[in-house]
Amino acid sequence: MTKTYDLAIVGGGIMGCSTALRLAEDGMKTIVLDQGDLGQGASGVNAGTLSLQIKRVKLMPYALKGHSEWEAMGEAVGFKKTGGFTLAFTEHEAELLYERQALKADAGAPITFVSNNALRAAEQNLSHKVLAASYCPEDGYANSSLTGQYYRIRLKENEVQFREKCNVKLITRNSSGFNLTTSCGTVHATRLLLAAGAWLKPIAADLGVDLPVRARVNTVSVTERMPPLISSIVGHATGLLTMKQKSNGAILIGGGWQGQGVPQDGRGNVTAKTLIPNLSLAQHVLPELSNARVTRSWVGFEANVPDFYPLAGALPGIENAFVLGCVRGGYTIGPYMGRLMGDYILGQEPELPLFDPGREFSEV
Amino acid sequence: MIKTCDVAIIGAGPAGANAGIMAASQGCHTIIIDEQAMPGGQIWRAKSEAIKSAPMTPEIIDGDKLRVSIAESNLTHIANAKVWQIERELDEWVLHFIINGRSEKIGAKVLILATGAREYVQPTPGWTLPGVIGLAGATALMKRDLLTPGKRTVVSGTGPLVFFVASEIRRLGGEVAAIVTPNSRADWLRALPSMSYRTDLLRRGFVWVADLLLAGIPIFWRHAIKQIDGETKVHSVKVSKVSSDWSPKGPARLIEADSVCTGHGLQAASDASQLLGIDVKYQLELGGWVPEVEEDGITKINGLFICGDGAGIRGAAAAEIQGKLAGLSAAKSIRPEVNSSNSTLLNSYRRASRFGMAMTRLSIPRKGFQKLITQETIVCRCESLRRCDIENEIETGAATTNAVKSGSRAGMGPCGGKYCQSTIAKIIADRENQSEEKIAPPTPRPPLRPVSASALSGEFEYTDLQIPKPAPL
Amino acid sequence: MIRLIPNSANQIKRAEEICFKFDDQLIKAHKGETILVALMKNGIHHLRDAPTDGKPRGAFCCMGLCQECVVAVGGKLVESCETIATDGLIVQSLRH
Ligand SMILES: Cc1cc2nc3c(=O)[nH]c(=O)nc-3n(C[C@H](O)[C@H](O)[C@H](O)COP(=O)(O)OP(=O)(O)OC[C@H]3O[C@@H](n4cnc5c(N)ncnc54)[C@H](O)[C@@H]3O)c2cc1C
Ligand SMILES: Cc1cc2nc3c(=O)[nH]c(=O)nc-3n(C[C@H](O)[C@H](O)[C@H](O)COP(=O)(O)OP(=O)(O)OC[C@H]3O[C@@H](n4cnc5c(N)ncnc54)[C@H](O)[C@@H]3O)c2cc1C
Ligand code: FES
């Protein structure tokens, strides 16, 4: 007799793993399956920025909750609450900054605008060409490289089964639930959660559901160890730069500049066309960075749907199947979304509303 | 507009240089890029400008011959240029390289990777002490700068390179304290048949060994360095016998020295190949993970060729011939009228390979060697991670090189994992009771070499940065 | 004693001498030599202290790959094994 799980989760990223942990609290027998290592997708290669200043207004309540989840995870994920500055260098950027950050502040983020003097007092090494700046004391970062290790340990502690290097190739339905054909055998489960990140579309298609999932190819770079240069996370009014100095001195540079490639081909590629302006912008913001050497650049796939809101809820038309993904700023919000998703699967009312995957999607 | 050519080659060693000369001779506009100041690669590395004159060596003679051929060909050689990134744009390869502190690029219809090898050095307690250098690294110092690694050196490692390094130290006036090699005399006797066709090299080898014996320098066959001691610099090493699988055994013997050269075989430098999407396969007899390439340099990717030690460790002679073959294949892909089938070349390539692979077989560490890595021995030099740190990470469930890298930072430092990734794979294989070929190397990432941020950006105006549209509010 | 490999050290002619500064020490080098070679000739092998354990480190691969030999020149880290020493150059170690 093969074992039947209460729930099979396809995808061991932050969405899948955090949902599994919530379900374990209520004793649900869950298995997490990942085609690679846990946290090898977006959740393990992202820039690790936990910033309210770059969250969407409508997602702010989720992001605020997300921040407290990270604080609780603490040292084990390299969490640091450093506060964060967002900078504008032109009139146009300053307008954008005022307009956007004001709305985010209204939505509950403790964001304020700060004078140049205050900025300089806090961060001596930033460019003196800053025109306007905002600040949020709640901002910080965590170390996304630790995602896999963290969840491997947590899942084990909570006796949640997981299988790595286990590619889910086909999902079919039967009277008692779902059959998952994987590279390491067949898995049976009464319920199913698709949390396959940028790889959601083909796996949902197995069940005849067309999810309009696309992927962005975000670039991140890291420098060698540098002397202390910045202590807060630093962003750009457009959102096209995030920067932080890790405790070992390395500076991590992100911002979502687009590399090349598609999730189906495995890994994407960095391209000099966007890497160079990304690094130039970083040097404009932090001139001392021109002394640094870049030791590594990489890309990861961040999934989205046309309206850039999450897919979080029941998989349309398929009983006992759920989907969670496409969350903008999903690293920040992920652990909380997983909790909400778990509540929903358990038949409990989530604390904040989910995002119906069956909605009409309009392009923004 | 960027400069474009028919054939671009990375690496001006025996493989790349011969590929270039061949492609150019077939009428292809060919550019060869190398980070060294002069063509020659590792084996024929040229002297630095600081050397006004010095006695000739076989390496210099052969290297000069190659350098003259390049000068006489239509080949363009770009020196002192580090390729940090390679991209495919439509039908063209674009190579980005740092030269004179700036990032420049060239385009090419076809690309030949001839990036050579790098050395595997067995981690051992104390191997991070100043004064300990790689065996291959020592050849670079001695060829370029005619500098001995120290005053009194223990030369340790596998294959022929130990004897070459020792003889070079003696030629340059240094003292060799001892030779320590896990190979046995019987290992060498067994390799003789495959070496018989290179009588020139055999003769050189005999002279190296005879000279050491005449000078009364101890050669510790079937031995390994167990520990290197010193405060801020090497002052002594402990060596002990090894068994047939190279497990250390028996009491240690102390040798005083101020420097150590140590190396345990070469591995294909396949980072660039992997970045471009070439699969690697594990072939121990070629030094470990090697890219999938045909004998004539052809790969599964149109317009991409690989040759020389970067395709597997077959040695310099094979690299030269495979370079020619790859040069022909590349030329044919541009000019279909080129006749690229050359059975004479192919046969001599196979013969030369047999010799090179015999040397590789002597050089690759056997299983017991891993026992030299104590729990406290540094494995990842950049991040100062010890064997126990790696094992702790495996203990949490990380079972792949990528997972160990993510969780422990091993291989995330500035060397990019070049000096730890195979050791880590061996440790994982050991812990997981798997064979090494099951433990794939971690995902390669650009840049191929650390690059200065200012070199990448160059001078720029903020207003010229094309910052994309911000994300939806 | 018979030597099959003669000592040819005294047949090597090097370029003119120049001088650069390594921390507080004046170092003589031959023009065209790398910083590393000049330092090694002067018996200096300890170039930096490693992160985390603070242990001494020096050149290892001698070919620009391992990054063990980095020193600071003009605020930038460079591989001493690949960087040519020039007259008057100011080089700083990464020793604590
Ligand atoms: C480069 C980059 C930088 C980012 N920076 C930030 C940031 O700074 N702050 C922030 O908050 N957010 C950031 N994000 C967004 C955030 O990382 C993602 O929203 C989040 O990690 C998504 O988590 P996920 O679990 O949905 O997807 P993933 O982490 O991608 O997980 C999906 C998993 O599913 C597995 N899988 C897929 N198909 C199958 C199959 N058929 N069988 C088995 N397994 C399968 C994959 O292997 C993968 O591990 C960034 C994203 C990227 C790519
Ligand atoms: C350090 C070292 C020393 C060696 N010494 C000897 C010896 O003394 N005798 C012997 O028989 N064998 C020696 N070998 C083995 C030797 O490598 C080969 O037999 C032979 O040199 C292989 O030729 P190749 O053309 O394939 O590669 P190589 O000769 O290694 O040439 C590769 C070239 O590519 C260049 N390159 C690589 N990547 C880049 C990049 N990203 N950008 C720019 N340039 C790049 C390198 O600078 C190098 O010049 C040595 C190997 C090493 C690693
Ligand atoms: S010694 Fe390895 S980079 Fe200089």
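Read-outs: derived from the displayed coordinates by stated rules, not from any lab. Model, not experiment: these values are computed from the prediction. Neighbour counts are summed over all protein chains in view; Cβ atoms, including those assigned to glycine, are modelled from backbone coordinates with ideal geometry.
Cross-link candidates for B:Lys281: which lysines have Cα within less than 25 Å, leaving aside residues fewer than 8 places away along the same chain?
A:Lys165, A:Lys169, B:Lys300, B:Lys324, B:Lys367, B:Lys405, B:Lys418, B:Lys426, B:Lys438
Please report, largest first and rounded to whole Å, the three semi-axes of the ellipsoid equivalent to chain A, where each semi-axis is the square root of five times an eigenvalue of the C-alpha gyration tensor.
Details: eigenvalues 271, 82, 69 Å².
Taking √(5λ) for each Cα gyration eigenvalue gives 37, 20, 19 Å.
Would you report the distance distribution of C-alpha pairs in the protein assembly as shown as whole percents per 20 angstrom bin, up to the bin with the largest distance?
14, 43, 33, 9, 0
Which one of B:Ala316, B:Gly16, B:Gln466 has its Cα pushed farthest toward the positive end of the charge dipole of the protein assembly as shown, where Lys and Arg give +1 and Asp and Glu give -1 at the Cβ?
Farthest along the dipole direction, towards plus: B:Ala316.
If amide H atoms are built 1.01 Å from N in the plane of the peptide, which residues on other chains or at least 5 residues away come under 5 Å of the amide H of B:Val451?
A:Val294
What would the Debye equation give as log₁₀ I(q)/I(0) for chain B at q = 0.09, 0.10 Å⁻¹, counting only Cα atoms as equal point scatterers?
Reported log10 I(q)/I(0), two decimals: -0.62, -0.77.
Quick one: angle between helix B:421-432 and the longest Cα principal axis of chain B, in degrees between 0 and 90, rounded to 10, please.
60
Taking +1 at the Cβ of each Lys and Arg and -1 at the Cβ of each Asp and Glu, which of B:Thr124, A:Tyr135, A:Asn158 sits farthest along the dipole of the protein assembly as shown towards its positive end, judged by Cα position relative to the Cα centre?
Final value for the positive-end residue is B:Thr124.
What distance in nm separates the simple spin-label points at A:Gln264 and A:Arg120, each placed 7 Å from Cα in the Cβ direction?
5.5
Counting each DSSP H run of 4 or more residues in chain B as -39500 (n - 2.57), what helix-only mean residue ellipticity at 222 nm follows after dividing by all residues, to the nearest 500 deg cm²/dmol? Don't skip to the answer; put the middle values down first.
On the way: 13 runs with 155 residues, N = 473.
That calculation yields -10000 deg cm²/dmol at 222 nm.
Quick one: compute a quarter of the convex hull surface over the Cα atoms of segment B:373-438 and quote it in nm². Could you put the intermediate results ahead of the total?
Working: hull surface 15.1 nm².
For segment B:373-438, averaging the hull's shadow over all directions gives 3.8 nm².
If we count other beta carbons within 10 Å of each Cβ, what is the order of A:Lys81, B:Lys332, B:Lys65, fewest first? Mind showing how you got there, number by number?
Values: A:Lys81 17, B:Lys332 20, B:Lys65 11.
Ranked by crowding around the Cβ, least crowded first: B:Lys65, A:Lys81, B:Lys332.
Using the Kirkwood radius built from alpha carbon pairs, what does the Stokes-Einstein equation give as D for segment C:16-92 at 20 °C and 1.002 mPa s, in µm² per second? List each step's numbers first, then the result.
Values: Rh = 12.4 Å.
Answer, rounded: 174 µm²/s.
Using θ = phi - 60° and the Karplus curve 6.51 cos²θ - 1.76 cosθ + 1.60, what whole-Hz ³J(HN,Hα) does each residue of segment B:305-317 get, with Gly and Pro shown as x?
10, 9, 8, x, 4, x, 9, x, 7, 10, x, 5, 5
Round to the nearest 10 and give me the degree value, 0 to 90, for the angle of helix A:272-285's Cα axis relative to the longest principal axis of chain A.
50
Return the average number of partner chain Cβ atoms within 10 angstrom of each residue Cβ along peptide B:45-58.
Details: counts 1, 0, 2, 9, 6, 17, 7, 8, 4, 6, 5, 1, 1, 0.
Shielding by partners across B:45-58 averages 5.
What order, most packed first, do the peptides B:26-35, B:375-384 have when packing is the mean number of other Cβ atoms within 10 Å of each residue?
Working: B:26-35: 23.3, B:375-384: 20.8.
Output ranking for B:26-35, B:375-384: B:26-35, B:375-384.
Any lysines with Cα under 24 Å of the C:Lys41 Cα? List them, leaving off those in the same chain fewer than 8 positions away.
B:Lys47, B:Lys52, B:Lys143, B:Lys151, B:Lys233, C:Lys13, C:Lys21, C:Lys28, C:Lys31, C:Lys55, C:Lys76
Hey, can you grab everything whose amide H is under 5 Å from the amide H of B:Trp289? Only 5+ residues off in sequence or another chain; H modelled, so Pro and N-termini drop out.
For B:Trp289, the qualifying residues are B:Gln283.
Aspartates and glutamates near A:Lys81 by alpha-carbon distance under 17 Å, same-chain residues fewer than 8 away left out - which ones?
A:Glu69, A:Glu71, A:Glu123, A:Glu138, A:Asp139
May I ask you to evaluate 6.51 cos²θ - 1.76 cosθ + 1.60, the Karplus curve with θ = phi - 60°, for each residue of segment A:160-169 and list the ³J(HN,Hα) values in order in whole Hz, giving x for glycine and proline?
Once rounded to whole Hz, the list reads 8, 6, 8, 10, 9, 6, 10, 7, 7, 9.
Can you give the charge dipole size of segment B:373-438 about its Cα centre, rounded to the nearest 20 debye, using +1 on the beta carbon of Lys and Arg and -1 on the beta carbon of Asp and Glu?
Values: 9 positive and 10 negative charges, 52 e Å.
With only Lys, Arg, Asp and Glu charged at Cβ, the dipole is about 240 debye.
With +1 on each Lys and Arg Cβ and -1 on each Asp and Glu Cβ, how big is the dipole of the protein assembly as shown about its Cα centre, in debye rounded to the nearest 20?
Details: 101 positive and 92 negative charges, 566 e Å.
Taking the Cα centre of the protein assembly as shown as origin, the dipole is about 2720 debye.
Give a residue-ordered list of calculated ³J(HN,Hα) values for segment B:293-302 (Karplus: 6.51 cos²θ - 1.76 cosθ + 1.60, θ = phi - 60°; whole Hz; x for Gly, Pro).
Values per residue, Gly and Pro as x: 9, 7, 4, 8, x, 6, 10, 6, 9, 4 Hz.
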